[in-house]
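Okay, structure first, notes after.
None of the figures in this text is laboratory data; all of them are computed from the coordinates on show. All of these numbers come straight from a predicted model, not from anything done at the bench. Glycine gets a Cβ as well: all are built from the backbone with ideal geometry, and neighbour counts include every protein chain shown.
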Amino acid sequence: MNRVLERFCLNGRPLSCTPYGEGHINLTFLVVTDTKKRYILQRLSRAAFADIPGLMRNVTAVTEFLSGQSTDERSSLHLIPTLDGATWCRDGEGEYWRLYDFVEDSLCLQTPESPEDFYQSAVAFGQFQCRLRDFPAETLCETIPNFHNTPDRYRKFHLAVDADAAGRLASVMPEVRFLLDREEDAGALQRMRERGELPVRVTHNDTKLNNVMLDAVTRKALCVIDLDTVMPGLVAYDFGDSVRFGASTAAEDEKDLSRVEMSLDLYETYTRGFIPACGGLTAAEIESLPLGAKIMTLENGMRFLTDYLEGDHYYHIAYPEHNLDRCRTQLKLVSDMEKKWDRMTESIRRYL
């Protein structure tokens, strides 16, 4: 760790470097120096990201752009340069490292402690969109190609069904039919993107509450973190993934599906925070938001089932049916959204 840290422009000499946070992709450490300055050190996952230099060009460009958008330094992450002026380094074993300023006087929640916390996450991701609306999204690389290209996700799903590599297909035919019945509708956002009906913007693509920093005193939104999946996309992707994760009444791997539904109250709470904070969304973008919630939820259910059929090589699992349980909660959410579709669309029309 010292060999890595000595390559960055630190304020002081490192006294400690300890594991930090609950992330599952990168390795994260809290660094404290003898001047009491704190930093976040991360080793980036080469397994998750094929083009880490491209990823870091994205993160560098976006954080530098955001840093000029607010007087509060905590409104954006700040990368610490290396001694040679880069924003990342590579060690002798080929691992990639970066260093951030620690966001002081902040807190990060794994789950909301009140509806206000969920509302503030909506404000944070909406402000992220607003502050980057003049950023040239086309200059960013795709850190995970075709990440929300749902038709391409279906292509991979069909391959998994046909191969049945783990011999599990017969036991999941109801879930397979559920997904196949919605295949045509699931490609709607991608078709709208290809036709130019929805503008391509800078999107975060992992809009969970634990990627939002709140002020420790006021609990107001400060900034969003974990920018590794920032790339060109649609506003509906970010809105939809937040609703998928945050408006569910149960855990992502809940086995009792009777406990799983999409809370309209939480959906409307998020809508109330997100759309005004974004500012300047087109009518077509606003109208696409409920579709984003449904498609992102369906897509995630399909990804879980694809991994289950292939033998669980992508997602970490705690037991053999873990991915199947995750899939079923997502499909139950989709089914519940379909029942509540009129209310979902009505709640966004006030912003048109």
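Structure data summary
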{"quantity": "Given charges at beta-carbon only (K, R positive; D, E negative), |dipole| of segment 270-311 in Debye", "calculated": "180 debye"}
{"quantity": "Point-charge dipole on Cβ atoms (K/R +1, D/E -1) for the chain, about Cα centre, debye to 20", "calculated": "420 debye"}
{"quantity": "Residue 257 versus residue 195: modelled label distance in nm, points set 7 Å from Cα along the beta carbon direction", "calculated": "3.3 nm"}
{"quantity": "Nearest 10 degrees, 0 to 90: helix 115-131 Cα axis against the chain principal axis", "calculated": "70 degrees"}
{"quantity": "Relative contact order (%) - criterion: Cα under 8 Å, at least six apart; region: segment 225-352", "calculated": "34 percent"}
{"quantity": "Euclidean distance of C-alpha centroids, segment 218-286 and segment 93-153, integer Å", "calculated": "12 Å"}
{"quantity": "222 nm mean residue ellipticity, helices alone, for the chain (DSSP H n ≥ 4; -39,500 (n - 2.57); rounded to 500)", "calculated": "-13500 deg cm²/dmol"}
{"quantity": "Residue 163/residue 37 FRET efficiency (R0 45 Å; Cβ-Cβ; nearest 0.05)", "calculated": "0.30"}
{"quantity": "Positive-pole candidate from 165, 320, 103, dipole of the chain, charges at beta carbon", "calculated": "103"}
{"quantity": "Rounded to 10°, Cα long-axis angle of helix 283-310 versus longest principal axis of the chain", "calculated": "90 degrees"}
{"quantity": "Mean Cβ neighbour count within 10 Å, used as a protection proxy, ranking 38-48, 264-274, 220-230, 103-113 highest first", "calculated": "220-230, 264-274, 38-48, 103-113"}
{"quantity": "Cα long-axis angle, helix 52-66 against the chain (0 to 90 degrees, to the nearest 10)", "calculated": "80 degrees"}
